[in-house]
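Have a look at the structure below, then the notes.
The values are calculated or read from the model by the stated rules, or taken from the named source; none is laboratory data. Every value quoted in this text rests on a predicted model; they were computed, and no experiment measured them. For neighbour counting, all protein chains shown are included, and Cβ atoms are generated from backbone atoms with ideal geometry for every residue, glycine included. The area values use the complete protein model at the heavy-atom level, side chains included, leaving out ligands, DNA and RNA. Shrake-Rupley method; radii C 1.70, N 1.55, O 1.52, S 1.80 Å.
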Amino acid sequence: MVSNDKGLSTEFARPGAMSEVRGGVMALDSSGVPEDIRSHPDWKDPVPSITEAATLGDGLRAARAVSGRSLAELAAETRVHSRYLTALEQNDFSALPTRVFSIGYVRSYAAALGLDEQLAVERFKRDSPDPSVPLQAPSGVAFQEVRRQSPRIIGAVALMVVAVIGWNVFQRVNLIRAPHASDIVSTPESWTLGEVPGQEIALGAPRDAPPDQTTPALYITPGLEEQLTGISAEAAAANPVPAGPVQRAFNPRGAIYGASATASQVVIQARKAAALVVRLGDGQVLFARQLAAGEAWRAPIGVAATVDVSDPKAFDVYLNGEHGGGLEAVLTPLNQLNTRAQAMARATAAQVAAQAESARVAAVQTASDVQARSQQTLAAVQ
C-alpha cells in the first residue's frame, strides 16, 4: 500500500502484470485500484511514459524495476542477449549491432516491459539519430521564405532593369549629334587618280586568253633511259617513234550535266550561251537546257538519240577528253559522236601497241649488237 498527501491509498499490481494503454502511455495493470481513486485528479500511474523519461535507458530501467524481473529473465523472454539489454538501459548505443537489429531489440524489450513499442522506437531514433540520413528542412518553410522575400527580389530585379535601360538611353542621346555640312570642299585628287597626284591611268589592248593546255618538253635524265630499257641514245635517235599530235583537253569551266565521267566518251561544252536539247528515237526528251558559257553535257554510251542545238558554232565536242572539233549541224546523231570516240580510242590503243612493239624490237636489236661487239672484243683479246 502507498499513501499520498491527499490521504489516498493505492495497491500496486503484482510483479509481472502487464499494463494498459491510456492516451499513448503504457502503465502497469492497476485493475485492483478502485475506480473512484483512479478518477481522482492526483492519480498517476506507477510507471511514467517512456516519452517522459530523461532518456530511453532511464525509461526502460524504471519499467524493469517496476516489473520486478531481472535482465536474465527478460533476455530469455525476448531472446535478446543480456549485454544488449544492458546497453539499451545504459544508453550505450555504440555497443549495439546494426541499426535494423537495434530497432528490433528496442521493440522486443518495450513489448516485454509492457511499454508502447512505437513510442520506444521513436525515442530510440531521437536519442540515437542515424548519421546516414541527411537532415531535411521542415516542409513548407522554404516556400514560405520565398513568398515572404519575393516582393523584395522582384523590386530589386525591376530596379536593375530600369537602371540598365536608362543608362543605354542616356548613352545614345549623348552620341546623337546635330547634322552639319561636310568639311570637305572638293574631292581630293588622290581619290580619283590614285595615290600619286597627277598620275594618269591608261588601259592597254586586251590580251589573248591563255591556252587550255600546254605540253612541256619531255625531260630525259641522261643515261637513265639506257639503263632501264637497254636502248642507247644513238639507237633511239636513229629509230624515232612518231607521236601523234596532242589535242586540246577538256577543261570544265562550269556545271557538267549528263552521265558520269566513267560512263561517257563524248562531252559537249558551250562556248557561249546556247540551247541544247537531246531527244531519243521516240521523241522523248532526254536532256534540255540553256547552257551558259563553260557548262557541258556528258553523253551516255549506247543511247540512240539526236543532239539538237540552237547554234552549232557555240559548242565544242571533246572525244575521250581531247578536243574533236565542233558540231557540224543543228541536228547531230549521238551515235555518230560515240562512234568517232570509239574509233579514236582504238586508234590510240593501236598506236601505243605499235610504239611498244617498235621499242621492243629496237631493244632486241640493240642487245644483239652489243652482244656481237662483246664477242668480237673477246675474240680479239684472245
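Descriptive notes on the structure:
Each row is one residue, and each column tells you yes or no for (1) surrounded by fewer than 17 Cβ atoms within 10 Å (Cβ to Cβ); (2) in a helix (DSSP H, G or I); (3) modelled with pLDDT of 90 or more.
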residue: VAL278; (1), (2), (3): no, no, yes
residue: ASP282; (1), (2), (3): yes, no, no
residue: GLN290; (1), (2), (3): yes, no, yes
residue: ALA293; (1), (2), (3): yes, no, yes
residue: ALA299; (1), (2), (3): no, no, yes
residue: TYR318; (1), (2), (3): no, no, yes
residue: ARG346; (1), (2), (3): yes, yes, no
residue: ALA353; (1), (2), (3): yes, yes, no
residue: ALA359; (1), (2), (3): yes, yes, no
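- Note on segment 265-276: residues that are in a strand (DSSP E or B) and either touching a His at 6+ places or on another chain (Cβ under 6 Å) or hydrophobic (A, V, I, L, M, F, W, C) (or both) total 7.
- Evaluation of GLN90 against (1) touching a helix residue (DSSP H, G or I) at 6+ places or on another chain (Cβ under 7 Å); (2) crowded, with 17+ Cβ neighbours inside 10 Å (one fails), failing number: (2)
- Qualifying residue in segment 287-297 (condition: farther than 24 Å from ALA249 by Cβ and aliphatic (A, V, I, L, M)): yes
- Matching option when the condition is open to solvent by 90 Å² or more (accessible area, probe 1.4 Å) and modelled with pLDDT under 65, among VAL185, VAL162, VAL141: VAL185
- ARG107 being among the charged types (D, E, K, R) and at pLDDT below 90: no
Residue-wise test of (1) crowded, with 17+ Cβ neighbours inside 10 Å; (2) at positive phi; (3) at pLDDT 85 or above.
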{"position": "ALA233", "(1), (2), (3)": "no, no, no"}
{"position": "ALA236", "(1), (2), (3)": "yes, no, no"}
{"position": "ASN239", "(1), (2), (3)": "no, no, no"}
{"position": "PRO245", "(1), (2), (3)": "no, no, no"}
{"position": "ARG253", "(1), (2), (3)": "no, no, yes"}
{"position": "GLY258", "(1), (2), (3)": "yes, yes, yes"}
{"position": "VAL267", "(1), (2), (3)": "yes, no, yes"}
{"position": "ALA273", "(1), (2), (3)": "no, no, yes"}
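- A single member of VAL330, VAL381, VAL278, VAL307 is β-branched (Val, Ile, Thr) and farther than 23 Å from GLY254 by Cβ, and it is VAL381.
- Any pair with Cβ under 7 angstrom, 6 or more apart, that starts in segment 366-382 at a residue that is of a type outside the set (Lys, Arg) and ends at one that is in a helix (DSSP H, G or I): THR366/ALA235
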